[in-house]
Amino acid sequence: MCGLSGEMRFDGGRPDLAAVERMSHRLAARGPDGEGIWSRGAVALGHRRLKIIDLSELGAQPMTDDRQEITAVFNGCVYNYKELREELRALGHRFRSTSDTEVILKAYQEWGTACVDHFYGMFAFALVEHRTGRLILARDRLGIKPLYLAQTPGRLRFASSLPALLAGGDVDTSLDPVAVHQYLSWHATVTAPRTVLAGVRKLPPATVRVVEPDGSHHEHRYWQPSYTRRPEYAGMGPSEWRDAVLEALRTAVRRRMVADVPVGVLLSGGLDSSLIVALLADEGQRDLATFSVGFESEGGTDGDEFPYSDLVAREFATDHHRLLVPSQRVSTALDGAVAAMSEPMISHDVVAFHLLSEQVAKEVKVVQSGQGADEVFAGYHWYPRLASAARARAADRYAETYFDRPHADLAAMLQPHMLPTDDVSGRFVREHMAQPGAETALDAALRLDTHIMLVDDPVKRVDNMTMAWGLEARVPFLDHELVELAAACPPELKLAEGGKGVLKEAGRKLLPHEVVDRPKGYFPVPAITHMAGPVLDRVREALRAPEARRRGLFQDSYLARLLAAPDEHRTKRGANALWQAALLEIWLQTHGI
């Protein structure tokens, strides 16, 4: 896990090495163990290294192959790198390191851009062909690893975080009205290739882009599972599906233990993270380090789930660590969490992940996390309502169920220059839902959530908050083979037992029943949920700041209503509307926009 950056010039000039160095410096937290800059012709690459695989300097980046044909920088982990190395050796390739980065170089030499089809893992990489000057950019199937782009006439810059691009300079930081519309419609999610800044884009998941020396480019999406019932699974009953899911998850967890350093687990006490712990114990892991976080209660809302995480830790004899965060610490930690955000995120657990990651990074460099299971296996409470819709009405039902607010409401919130003329968020969902390859309304909703909403909310949140402390988070529920299996699973098996039915059945083979049968937990951060004391003070400060007034994003009358009753105004999905508006402004101010 690392941070990469770079620049490619199309105007005959040399890349700005000082800008690449500034971007690389901004990524230092993602890679505290080493750094490097490389330049040739019109391209420069920067890298910050977190040592996980091949701890020697032979694994340092930027890395050039032994034939001096290609140079690459890479962020992430290719879990099957050992198997690929042996396959490539048999094809005549020689290796000087034991790193997965070198496997990427040799795989590209052997298979070209199709090398990504061979990788099991999470990755973003930039690769330069010395002879042609061509630049290859690629991102993993589920978008676990980020890659941001900023293009101006004559130049393309790229980096693992949006703030790194800002550090490079010369970025158009005007707001993108379509992205703001999505932010206010989808719980702060902005879909690739957009960001809230007009001058910054992100490479979509499962995409390879080939950039020519003249600045032209082409890209292709190399993976998209079918959300239909597939012939190879015909005749499988509930118990066969349970066993298939459990075996695929076991494989996914085992893959993510590949490292030359210890691997821990973020243990919430819910089904998903508890299954990871159970499977690791089943694999013979002893003294596994597990970590949980909780918060002080506010407004009658409990702020921790320690009884469940303690139960799992005792059951599997883990080396368990608990972090209890006082409410006062939430407000002071908020600014650090916002500074770590590549894009504004309103989910409360972003602060929790930031605080927890700070402590976990003192103990281990790699953790597994249960993120993604709810989208992949239909765990959220709104899925039954989506499933009851006819396939033709899937988009309408999704908007009714999932959106924070309808397009019409935005006219009373945003200044006129920030309001798109039509419902751009609704149109996006309608177009995505209309695509073939999803059999039922639920299939269409899960495809949208897994490949769009999940990527640019929970997955991004985990990456940003853990990497702010040089901690690598691995997410076995987003193993692409497990996602393919779940996509083919009959909807009724996923919806059973209030959601994630097939996963709960798998859990019953390994976990205490109290964990499997407990009500679904949502990460509570009461100080934010109820706009308590210092958090509310920070919100008022941001919305009344001169920068906010000059920006003129929201209508004054709308903000006045929110501030007059901070805990009353809620989105359709129950989020605090004041927090949603304020967080965007806090993020913009924090990053000097």
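All conditions but one from (1) of a type in the set (Asp, Glu); (2) buried (at least 21 other Cβ atoms within 10 Å of the Cβ); (3) touching a Pro at 6+ places or on another chain (Cβ under 6 Å) apply to ASP272; the one that does not is (3). Checked against (1) open to solvent by less than 10 Å² (accessible area, probe 1.4 Å); (2) assigned to a helix (DSSP H, G or I), ALA378 passes all but condition (2). Hey, any hits in the stretch 286-308 for a residue that's among the polar types (S, T, N, Q), open to solvent by 40 Å² or more (accessible area, probe 1.4 Å) and more than 28 Å from PRO512 (Cβ to Cβ)? No, every residue in the stretch 286-308 fails to be among the polar types (S, T, N, Q), open to solvent by 40 Å² or more (accessible area, probe 1.4 Å) and more than 28 Å from PRO512 (Cβ to Cβ).
Looking only at residues in the stretch 332-348 that are open to solvent by 20 Å² or more (accessible area, probe 1.4 Å) and not hydrophobic (A, V, I, L, M, F, W, C), which one is farthest from the chain's Cα centre (by Cα)? Per the stated criteria, the residue is THR332.
The set of residues in the stretch 111-149 that are open to solvent by 10 Å² or more (accessible area, probe 1.4 Å), among the small types (Gly, Ala, Ser) and not in a loop (DSSP other than H, G, I, E, B) comprises GLY112, ALA114, GLY121.
How many residues are at positive phi and modelled with pLDDT of 95 or more when one looks only at the stretch 64-123? The total comes to 4. For the stretch 32-65, the set of residues classified as closer than 30 Å to GLY13 by Cβ, open to solvent by less than 20 Å² (accessible area, probe 1.4 Å) and either aromatic (Phe, Trp, Tyr) or in contact with a helix residue (DSSP H, G or I) (Cβ under 9 Å, 6 or more places away or on another chain) (or both) consists of GLY36, ALA44, LEU45, GLY46, HIS47, ARG49, GLN61, MET63, ASP65, listed by residue number.
Does any residue in the stretch 260-274 that is in contact (Cβ under 8 Å) with a residue 12 or more places away in the chain and within 15 Å of ASP374 (Cα to Cα) come within less than 6 Å, Cβ to Cβ, of a residue that is in a loop (DSSP other than H, G, I, E, B) and small (Gly, Ala, Ser) six or more places away or on a different chain, and which pairs are these? What qualifies is GLY270/GLY521; ASP272/GLY370; SER273/GLY370.
From the list SER273, SER327, the lone residue that is of a type in the set (Gly, Ala, Ser), at negative phi and modelled with pLDDT of 90 or more is SER273.
Taken residue by residue, the stretch 361-370 has no member that is open to solvent by 10 Å² or more (accessible area, probe 1.4 Å), in a helix (DSSP H, G or I) and not β-branched (Val, Ile, Thr). Name the single residue that is modelled with the lowest pLDDT among those in the stretch 481-515 being of a type in the set (D, E, K, R) and touching a Leu at 6+ places or on another chain (Cβ under 7 Å). Ranking the qualifying residues of the stretch 481-515, first place goes to GLU514. Those residues that are among the hydrophobic types (A, V, I, L, M, F, W, C), surrounded by fewer than 16 Cβ atoms within 10 Å (Cβ to Cβ) and over 13 Å from GLN589 (Cβ atoms), I need them from the stretch 531-560; list them, please. ALA560, the sole residue that qualifies.
Could you list all residues from the stretch 166-182 that are aliphatic (A, V, I, L, M), more than 18 Å from the chain's Cα centre (by Cα) and in a helix (DSSP H, G or I)? Even if it seems obvious, please write down each step before you answer.
Pass one, the stretch 166-182, residues aliphatic (A, V, I, L, M): 166-167, 171, 175, 178-180.
Filter once more, keeping what is more than 18 Å from the chain's Cα centre (by Cα): 166-167, 171, 175, 178, 180.
The answer is LEU166, ALA167, VAL178, VAL180.
Does LEU246 satisfy the criteria of being at pLDDT 90 or above, under 23 Å from the mean Cα position of the chain (by Cα) and either farther than 30 Å from SER161 by Cβ or among the β-branched types (Val, Ile, Thr) (or both)? Considered against the rule, which asks whether it is at pLDDT 90 or above, under 23 Å from the mean Cα position of the chain (by Cα) and either farther than 30 Å from SER161 by Cβ or among the β-branched types (Val, Ile, Thr) (or both), LEU246 comes out as no. Residue check, ALA179 against (1) closer than 13 Å to GLU343 by Cβ; (2) open to solvent by less than 30 Å² (accessible area, probe 1.4 Å); (3) of a type in the set (A, V, I, L, M); (4) touching a residue at least 40 places away in the same chain (Cβ under 8 Å), all met but one. Which one? Condition not satisfied by ALA179: (4). Of everything in the stretch 409-460 that is touching a His at 6+ places or on another chain (Cβ under 9 Å) and of a type in the set (Asp, Glu), the residue that is modelled with the lowest pLDDT is ASP457.
Looking at this structure, is ALA394 buried (at least 22 other Cβ atoms within 10 Å of the Cβ), in contact with a strand residue (DSSP E or B) (Cβ under 6 Å, 6 or more places away or on another chain) and not acidic (Asp, Glu)? So ALA394 fails the test.
Within the stretch 414-428, take every residue that is charged (D, E, K, R) and within 28 Å of the chain's Cα centre (by Cα) and give me the one that is least open to solvent (accessible area, probe 1.4 Å).
So, considering only residues that are charged (D, E, K, R) and within 28 Å of the chain's Cα centre (by Cα), the one least open to solvent (accessible area, probe 1.4 Å) is ASP423.
Residues considered: GLU375, GLU358. Of these, the only one that is of a type in the set (D, E, K, R) and at pLDDT below 95 is GLU358.
For (1) closer than 30 Å to ASP54 by Cβ; (2) within 27 Å of the chain's Cα centre (by Cα), each residue gets a yes or a no:
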{"position": "GLU212", "(1), (2)": "no, no"}
{"position": "ARG229", "(1), (2)": "no, no"}
{"position": "ALA234", "(1), (2)": "no, no"}
{"position": "ARG250", "(1), (2)": "yes, yes"}
{"position": "VAL253", "(1), (2)": "yes, yes"}
{"position": "VAL265", "(1), (2)": "yes, yes"}
{"position": "SER292", "(1), (2)": "no, yes"}
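Tell me, please, whether a residue that is open to solvent by 20 Å² or more (accessible area, probe 1.4 Å) and more than 30 Å from PHE158 (Cβ to Cβ) can be found in the stretch 255-264. Taking every residue of the stretch 255-264 in turn, at least one turns out to be open to solvent by 20 Å² or more (accessible area, probe 1.4 Å) and more than 30 Å from PHE158 (Cβ to Cβ).
Cβ-Cβ contacts under 6 Å between residues 6 or more apart (or on different chains), taken from a first residue in the stretch 69-91 that is under 14 Å from THR101 (Cα atoms) to a second residue that is open to solvent by less than 80 Å² (accessible area, probe 1.4 Å) and of a type in the set (Ser, Thr, Tyr), are listed as THR71/THR64; PHE74/THR101; ASN75/SER160; TYR79/TYR120; ASN80/TYR120.
The residue of the stretch 309-331 that is nearest to the chain's Cα centre (by Cα), among those that are open to solvent by less than 10 Å² (accessible area, probe 1.4 Å) and within 28 Å of SER161 (Cα to Cα), is VAL330. With respect to being surrounded by fewer than 24 Cβ atoms within 10 Å (Cβ to Cβ), of a type outside the set (Asp, Glu) and within 30 Å of GLU240 (Cβ to Cβ), GLY470 falls outside the description. Residues that are in contact with a strand residue (DSSP E or B) (Cβ under 9 Å, 6 or more places away or on another chain) and free of Cβ contacts under 8 Å to residues at least 12 places away in the same chain were ranked within the stretch 199-254; the one that is surrounded by the fewest Cβ atoms within 10 Å (Cβ to Cβ) is HIS218. Selection over the stretch 1-10 of residues that are in a loop (DSSP other than H, G, I, E, B), buried (at least 24 other Cβ atoms within 10 Å of the Cβ) and at pLDDT 95 or above gives a count of 0.
The values are calculated or read from the model by the stated rules, or taken from the named source; none is laboratory data. Remember, it's a predicted structure, so these values are computed and weren't measured experimentally. Heads up, the Cβs are rebuilt from the backbone with ideal geometry, glycines too, and the neighbour counts pull from every protein chain shown. Remember, those area values only see protein heavy atoms, side chains included, never the ligands or the DNA or RNA. Shrake-Rupley method; radii C 1.70, N 1.55, O 1.52, S 1.80 Å.
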